[in-house]
Amino acid sequence: MVRFRSVLGGLGIAGLAGAALYWRKNPSACPYGARVFLDLQRPIITTPRLREILAPAPGERLLEVGPGTGYYTIDVARELEPNGILEVIDIQPKMLDRTMNRAHRAGLTNIVPTPGDARMLPYPENHFDGAFLVTVLGEIPLQDQALAELHRVVRHDGRVVVGELFGDPHMVGYSRLIDRAVRLDLQPDERIGGRLGYFARFRVNKPGRVYAGHAEKS
Ligand SMILES: C[S@@+](CC[C@H](N)C(=O)[O-])C[C@H]1O[C@@H](n2cnc3c(N)ncnc32)[C@H](O)[C@@H]1O
C-alpha cells in the first residue's frame, strides 16, 4: 500500500513537471476559466511595488498589456488622474470585461480597453509615456516581437516595466529578459525583487531622435 502511494505520488509530481515543461515550450494565454487565481493576493510583485517602479504621474498616457482581471489596473489608473489615460489591451475580450467591471465599480473613467495582440499593437509610434505587463510576457509566442512593439509605441526615454513571479509556468527569468531587451534598445534601468519574482524597468532608447511630449520634432 505504501509503495502504491509513493508510486502514485511520483507519477503526480512527474505529471506536474511535464505540464510545466509543456507550458514553457508552448506559450499560450492564461485561460479565462483560471481567472480566480489572478485575483489572489500575490507576494513580491505587489501593487505598491509596481507603483514605485512605474511611477505613474497625473496626465500621463500609459499602456498595460494583458491586464487579465485588472489586478494592477485600478491602482495605476487612479494615479494618472486627472487627465491621464490608461489604455489596456488583452487578447481575451472577456478579461477586458472583467477589468472594465472593476474600473466601473471603482468609479474610474480613464481606462480605455482594446482587444488585441501584444505582437501587433494597434497604436501609433511614440503614443505612450510608458507601458507595463505583469506575468504576461511568457505567455506570448515571439516575445521579441512583443518587446519590439512596446519599444515602438512608447516614446523615447519612456519606460517599460515587466513583472514576473516564480510559480508561474511561463515565468521569464531576469537574465533572459535582459538579453532580449538590450538587443531591442530597451535599456535596463532598475529592478525590485529577485529570483522569486521581480519588477524590471527599462528605458526606451531611440537614438538620433528628439521628442517634445508625444510629438516627434525631428
Ligand atoms: C497570467 S494573466 C496576468 C494578468 C494580469 N497582468 C495580472 O498580473 O493579474 C496574462 C494575461 O495576458 C493576456 N495575454 C496573453 N497573451 C497575450 C497576447 N499575445 N496579447 C495580449 N494579451 C495577452 C491573457 O489573456 C491574460 O489576461
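The values are calculated or read from the model by the stated rules, or taken from the named source; none is laboratory data. Values in this document were obtained by computation on a predicted structure and should not be read as measured data. Cβ sites come from the backbone with ideal geometry, for glycine too, and all protein chains shown count toward neighbours.
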- Item | Selected residue (criterion: surrounded by the most Cβ atoms within 10 Å (Cβ to Cβ)) from residues of region 46-60 that are in contact (Cβ under 8 Å) with a residue 60 or more places away in the chain and assigned to a helix (DSSP H, G or I) | 54
- Message: Here is a check on your reading of the model: is residue 155 among the charged types (D, E, K, R) and touching a Phe, Trp or Tyr at 6+ places or on another chain (Cβ under 6 Å)?
- Response: yes
- For region 114-204, list the strands (runs of 3 or more DSSP E) that sit wholly inside it and hold at least 1 residues that are within 14 Å of the chain's Cα centre (by Cα) and within 14 Å of the ligand (Cβ to nearest atom); which are they? 128-134, 154-165, 197-204
- Within region 79-92, the residues that are in a helix (DSSP H, G or I) and buried (at least 19 other Cβ atoms within 10 Å of the Cβ) are 80
- Query: Of everything in region 61-80 that's β-branched (Val, Ile, Thr) and either at positive phi or free of Cβ contacts under 8 Å to residues at least 60 places away in the same chain (or both), which residue is nearest to the ligand (Cβ to nearest atom)?
  - Reply: 69
- Contacts under 9 angstrom Cβ, first residue in region 125-137 being under 19 Å from residue 197 (Cβ atoms) and at pLDDT 95 or above, partner of a type in the set (Asp, Glu) and not in a strand (DSSP E or B), 6 or more apart: 135/168
- Message: If residue 109 satisfies all but one of (1) surrounded by fewer than 18 Cβ atoms within 10 Å (Cβ to Cβ); (2) part of a loop (DSSP other than H, G, I, E, B); (3) touching an Asp or Glu at 6+ places or on another chain (Cβ under 8 Å); (4) among the polar types (S, T, N, Q), what's the number of the condition it fails?
- Response: (3)
- Task: Could you figure out which of (1) within 13 Å of the ligand (Cβ to nearest atom); (2) in contact with an Asp or Glu (Cβ under 9 Å, 6 or more places away or on another chain) isn't true of residue 53?
- Result: (1)
